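S.K.: Quick one: the structure is below, and I'll ask about it shortly.
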Amino acid sequence: WLFVATAMLLAGAGVVVIITIPETLDRAGEHHTESLLGPVMRDKRLLLFMSVGLVMFLARGQLISTLSVHLSSTVGLTKAQIGLIYALNGGMVAALQVLTTKFTNRVNPLSALAFAGGLYGLGYFLVGLAWNMADMVTAMTIITVAEMVETPTAATYVTELAPPGLVGSYLGAFHFVF
């Protein structure tokens, strides 16, 4: 029932957005003779970034897909402890994302993404070595910092690659991969 309730809440939120928030983009006079996907698929920088970024996304996906199984079966954590590990992740993001983004906005985005990739590698390496809750708190802290650096920086970089008028198409392609 949890997923049904979530689906209904999200559908309701979508309806509220459609009804109450006006469109801000003035499309008067726009005439597109080709698909907006064409320029996106011809941008070699974006395609390279998405190809390389896919590797980072697959690593990050382990946080959702296999980590809880590993923590339960290999590390021996209880369901409550696993919940606390994920709560640490969410709490850190909620408390520190704005500060992290202020820092990452001051540095080269590719350098920030390389740093995040290194942190992901270190964090998941420590997951492989973890044998108790304290080890996992350390690993999850590092993984969460990587997530807070990588997620907004990658989206910002994609918007910087996009020519005027194609930001939405670029972000759409990017989020299709991520």
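The values are calculated or read from the model by the stated rules, or taken from the named source; none is laboratory data. Note that this is a predicted model, so its numbers are computed, not measured. Calculation scope for accessible area: heavy atoms of the full protein, side chains included, ligands and nucleic acids excluded. Shrake-Rupley method; radii C 1.70, N 1.55, O 1.52, S 1.80 Å.
S.K.: With θ taken as phi - 60° and the coefficients 6.51, -1.76 and 1.60, list the Karplus ³J(HN,Hα) couplings across region 112-121 in order, rounded to whole Hz; mark glycine and proline as x.
M.R.: 4, 5, 5, 4, 4, x, x, 5, 4, x
S.K.: Another question about this same structure. Report, to one decimal in Å, the Kirkwood hydrodynamic radius for the chain based on all distinct Cα pairs.
M.R.: Numbers: mean 1/r = 0.0532 Å⁻¹.
For the chain, inverting the mean 1/r across all distinct Cα pairs yields 18.8 Å.
S.K.: Could I ask something else about it? What order do 50, 8 take when sorted by accessible area (1.4 Å probe), most exposed first? Numbers along the way, then the final one.
M.R.: Details: 50 15, 8 130 Å².
Ranked from most to least accessible, the order is 8, 50.
S.K.: Same structure again: Can you send over the carbon and sulfur percentage of the accessible area for region 1-156, probe radius 1.4 Å, protein chains only?
M.R.: Values: 7290 of 10070 Å².
Carbon and sulfur: 72 percent of the exposed surface of region 1-156.
S.K.: Would you kindly state how much longer the chain becomes between residue 72 and residue 134 on full extension, computed as 0.36 nm times their sequence separation minus their alpha carbon distance, in nm to one decimal? The partial results should precede the final answer.
M.R.: Values: separation 62, 0.36 × 62 = 22.32 nm, distance 1.46 nm.
Extending this stretch completely gives an extra 20.9 nm.
S.K.: Counting only C-alpha contacts under 8 Å and six or more residues apart, can you give the relative contact order of region 67-178 as a whole percent?
M.R.: Numbers: 95 pairs, mean separation 30.9, N = 112.
Normalised by residue count, the contact order of region 67-178 is 28 percent.
S.K.: Strictly greater than 23 Å: what percent of every Cα pair in region 88-178 meets that? Provide the component values of the computation, followed by the final result.
M.R.: On the way: 1320 of 4095 pairs.
Every Cα pair in region 88-178 considered, those over 23 Å come to 32 percent.
S.K.: Leaving out ligands and nucleic acids, note down the accessible area per residue over the chain with a 1.4 angstrom probe, in whole Å². Write out the running numbers ahead of the final one.
M.R.: Working: 11210 Å² over 178 residues.
In whole numbers, the chain has 63 Å² accessible per residue.
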